[in-house]
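To keep things clear, I will list the structure first and then write my remarks on it.
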Amino acid sequence: MPEITGAAQPVLAAGHRPAWRLSTPPADYLTMAARCARLATRQVDALVTSLALPVVLMLTFVYLFGGAISTGTRYITYVVPGVLLLCAGVGSATTAVTVCQDMTGGIIDRFRSLDVGSLPILSGHVAASVVRNAASAVLVFAVALGIGFRPHASLAAWAAAAGVLLLYVLAISWLAAAFGLLVASPEAANAFMFVPMIVAYASSAFVPVRTMPSWLHGVAGHQPATLVIETMRGLLLGTHIGANGWQAVAWCGGIFVVSVGLGAAAFRRRTR
Amino acid sequence: MPNQTDRRTDCQWAIEAAGLTKTYGSTKVLDEAGLRVAPGSVFSLLGPNGAGKTTMVRILSTLLRPDAGRARVAGFDIIADRHQVRRSISLTGQYAALDGLLTGVENLRMMARLSGLRGAAAGRRADELLARFGLTEAARRRVATYSGGMRRRLDLAASLVGRPGVIFLDEPTTGLDLPSRQVMWQVIEDLAGSGVTVFLTTQYLEEADQLAGRVAVLDAGRIVAEGTTAELKDRVAGQRLDLTLAGPGAFAEAEHRLGDRATHRDPSALTLGVPTDGTAPAVRALLDEIDPERALVGAFAVRATTLDDVFLALTSPETNPGTCPGTSRKEIAHA
């Protein structure tokens, strides 16, 4: 290999970033989150869909299917956590799509040449997902209260329920972000929605697990969506949550950690 | 030489690369390519489509790892010190690296923050660059509504927020109309005047001739020539003899007799160009050789060699559009 040598006169770089600061500046996370949140508000059609879908879905279940479903409580009381969870899952496909769009467009080269790391870039998309879900959750609760949802929860229980939902949103959005890095096109990334959708339908979101075929009980009763829903239900209605609580947190925490690792690895592979 | 405290070597080159090789599958995109660029100069990497120009830029800007070879940019190794390299350079690719849904000023502020500016300083830098690139009026419009030329200018502005010392421009004017191209040229000339090093790729010979002090010609992954534009022109020949043939039959006959020596072919205009030193004996001898019967050549002219001639003489037939019948020189220079 030819040797590269040279004489005096260093070529000085005049950048604003001190060369010694090699780790990601925390401000990069804020900048990327602000970017994605702003982009989300500019895609009006997608935003309206993500806000309206949960409400429409809830009304459909309560007024069209609910009459035929016996849950032991008013159906609106039963279904609210499931609606929030299903919509968080389906909405996370947007994260997969926006991540994939970034990777297939020119902007990723700009971010990389500005030395922005994979974690701030992906975190920005996840943050936008959290903001979208927070807005749709507020809307769902408002409409639910209007049509007869009567929770019995202390402020602490409300906060805990919101915390569990947030953890689920973080886990599923990071998984979606990793998926967005693994597929070639934004169209393919959109297919991610089927994963959380099937998981939500095969849980206690809309019907009690005991009404499902017995061979499904083992899976449906213990999968993460059921654990999250039963935890939220217990917290909002003031009933006993048992082991569901810590199991839900452990599942979501596990998916979150694995997805962040997967996302970072997929980013490296994609930008090699 | 690298040491433990500062890995940057003292060197006189803004960019130096040696033996850069990159293979995709069985295709060697770069084949032991090397070059050196002096600080504060404009350097142009010239080559046809698919020659490996973008791969070279992506390697030098640390976005892609070479399979073999070494390079230093702003004194830093592109692999070991890639974070330092990124803090010293900017890259403007062929496709605008901007968020179309954000406004011009929002894009620039975001890039300013990512390059380390905080609060009001980011806003000031954004406004300053918008004014410099004539985009103040459009600052609050979404980038998706910009024209191609405006988008390129904003893209270049975005690459300058961090005050890079070395600027990579990958085909900065491809796809632009003539007025927009001239604006970009002016912008690049101004940049060069401000003391930064500019490394640009282009397939337009005219562009390299206009902007760059030194040029390297890349063909099928290899650097086939390097030097000032004047040196490259001298390498081929000082002058070119342009023959206008009497008809299509005469054109075919003369083309056959000249073989590889013709550096310019234009069947529609019935002209062929041959390098020559421009002296009367040489021109006379050439005319006698090609047209001993004095029936083929209708008219001739001797003119100075252009970079086009160099380019056509140096690049291989497979990637050389000028040797394909029906592709005019105009298309090569302006496509």
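Inclusion of A:THR226 among residues that are crowded, with 23+ Cβ neighbours inside 10 Å, at pLDDT below 95 and β-branched (Val, Ile, Thr) is warranted.
Determine whether the stretch B:168-180 contains at least one residue that is hydrophobic (A, V, I, L, M, F, W, C), crowded, with 21+ Cβ neighbours inside 10 Å and more than 11 Å from chain A (Cβ to nearest Cβ). Yes, the stretch B:168-180 contains at least one residue that is hydrophobic (A, V, I, L, M, F, W, C), crowded, with 21+ Cβ neighbours inside 10 Å and more than 11 Å from chain A (Cβ to nearest Cβ). When A:ALA162 is tested against (1) assigned to a helix (DSSP H, G or I); (2) of a type in the set (A, V, I, L, M); (3) in contact with a Gly (Cβ under 9 Å, 6 or more places away or on another chain), exactly one condition is not met: (3). Given the criteria at positive phi and either out of contact with any Lys or Arg (no Cβ under 8 Å at 6 or more places or on another chain) or more than 9 Å from every other protein chain (Cβ to nearest Cβ) (or both), does B:GLY25 qualify? Yes. Evaluate the stretch A:248-269: report whether one residue or more is surrounded by fewer than 20 Cβ atoms within 10 Å (Cβ to Cβ), assigned to a helix (DSSP H, G or I) and within 14 Å of chain B (Cβ to nearest Cβ). Taking every residue of the stretch A:248-269 in turn, at least one turns out to be surrounded by fewer than 20 Cβ atoms within 10 Å (Cβ to Cβ), assigned to a helix (DSSP H, G or I) and within 14 Å of chain B (Cβ to nearest Cβ).
Can you pull out every residue in the stretch B:39-59 that is under 22 Å from A:VAL116 (Cα atoms), within 11 Å of another protein chain (Cβ to nearest Cβ) and either hydrophobic (A, V, I, L, M, F, W, C) or not in a helix (DSSP H, G or I) (or both)?
Correct list: B:VAL57 only.
The combined condition, being of a type outside the set (Lys, Arg), surrounded by fewer than 17 Cβ atoms within 10 Å (Cβ to Cβ) and at pLDDT 90 or above, is not fulfilled by B:ALA139.
All conditions but one from (1) in a helix (DSSP H, G or I); (2) in contact with a Lys or Arg (Cβ under 9 Å, 6 or more places away or on another chain); (3) within 20 Å of A:ALA156 (Cβ to Cβ) apply to A:ILE241; the one that does not is (1). Based on this model, can you work out whether B:ALA97 counts as surrounded by fewer than 16 Cβ atoms within 10 Å (Cβ to Cβ) and aliphatic (A, V, I, L, M)? Spelling it out, it is not the case that B:ALA97 is surrounded by fewer than 16 Cβ atoms within 10 Å (Cβ to Cβ) and aliphatic (A, V, I, L, M). Scanning the stretch B:221-240 for any residue that is in a strand (DSSP E or B), in contact (Cβ under 8 Å) with a residue 40 or more places away in the chain and not assigned by TED's automatic domain parsing to the domain that holds B:LEU20 turns up at least one such residue. Per the conditions (1) of a type in the set (Gly, Ala, Ser); (2) at pLDDT below 85; (3) assigned to a loop (DSSP other than H, G, I, E, B), the sole criterion not satisfied by B:GLY195 is (2).
If you filter the stretch A:185-209 down to residues that are assigned to a loop (DSSP other than H, G, I, E, B) and not aliphatic (A, V, I, L, M), you find that the one that is farthest from the chain's Cα centre (by Cα) is A:PRO208.
Looking only at residues that are in a loop (DSSP other than H, G, I, E, B) and hydrophobic (A, V, I, L, M, F, W, C) in the stretch B:267-299, which one is nearest to the chain's Cα centre (by Cα)? Checking each candidate, the answer is B:ALA269. Within the stretch A:138-149, none of the residues are in a helix (DSSP H, G or I) and either modelled with pLDDT under 90 or touching a Gly at 6+ places or on another chain (Cβ under 7 Å) (or both). When B:MET184 is tested against (1) loosely packed, with under 14 Cβ neighbours inside 10 Å; (2) in contact with a Gly (Cβ under 8 Å, 6 or more places away or on another chain), only condition (1) is not met. Filtering the stretch A:28-40 to residues that are facing another protein chain (nearest Cβ under 9 Å) and either under 14 Å from B:ASN107 (Cβ atoms) or not hydrophobic (A, V, I, L, M, F, W, C) (or both) leaves A:ASP28, A:THR31, A:MET32, A:ALA34, A:ARG35, A:ARG38, A:LEU39. Any residue in the stretch B:72-81 that is within 11 Å of another protein chain (Cβ to nearest Cβ), in contact (Cβ under 8 Å) with a residue 24 or more places away in the chain, in a helix (DSSP H, G or I) and surrounded by fewer than 24 Cβ atoms within 10 Å (Cβ to Cβ)? For the stretch B:72-81, residues within 11 Å of another protein chain (Cβ to nearest Cβ), in contact (Cβ under 8 Å) with a residue 24 or more places away in the chain, in a helix (DSSP H, G or I) and surrounded by fewer than 24 Cβ atoms within 10 Å (Cβ to Cβ): absent.
Taken as a whole, the structure leaves B:ILE59 outside the set of residues that are hydrophobic (A, V, I, L, M, F, W, C), surrounded by fewer than 21 Cβ atoms within 10 Å (Cβ to Cβ) and out of contact with any Gly (no Cβ under 6 Å at 6 or more places or on another chain).
Please pick out the residue among B:ARG214, B:ARG153 that is buried (at least 18 other Cβ atoms within 10 Å of the Cβ), farther than 30 Å from B:GLU32 by Cβ and touching a residue at least 12 places away in the same chain (Cβ under 8 Å). The unique qualifying residue is B:ARG153. Among residues that are part of a helix (DSSP H, G or I) and within 15 Å of A:THR98 (Cβ to Cβ), A:ALA176 is included. Mind listing whichever residues of the stretch A:133-158 are out of contact with any Pro (no Cβ under 8 Å at 6 or more places or on another chain), among the β-branched types (Val, Ile, Thr) and either buried (at least 16 other Cβ atoms within 10 Å of the Cβ) or in contact (Cβ under 8 Å) with a residue 12 or more places away in the chain (or both)? Selection gives A:VAL143, A:ILE147. When you check B:ALA138 against the structure, is it over 29 Å from B:VAL73 (Cβ atoms), touching a Phe, Trp or Tyr at 6+ places or on another chain (Cβ under 9 Å) and in the same structural domain as B:ARG82 (by TED's automatic domain parsing), yes or no? Yes: the conditions hold for B:ALA138.
The values are calculated or read from the model by the stated rules, or taken from the named source; none is laboratory data. Because the structure is predicted, anything quoted here is derived from the model rather than measured. Note that we place each Cβ from the backbone using ideal geometry, even for glycine, and neighbour counts take in every protein chain shown.
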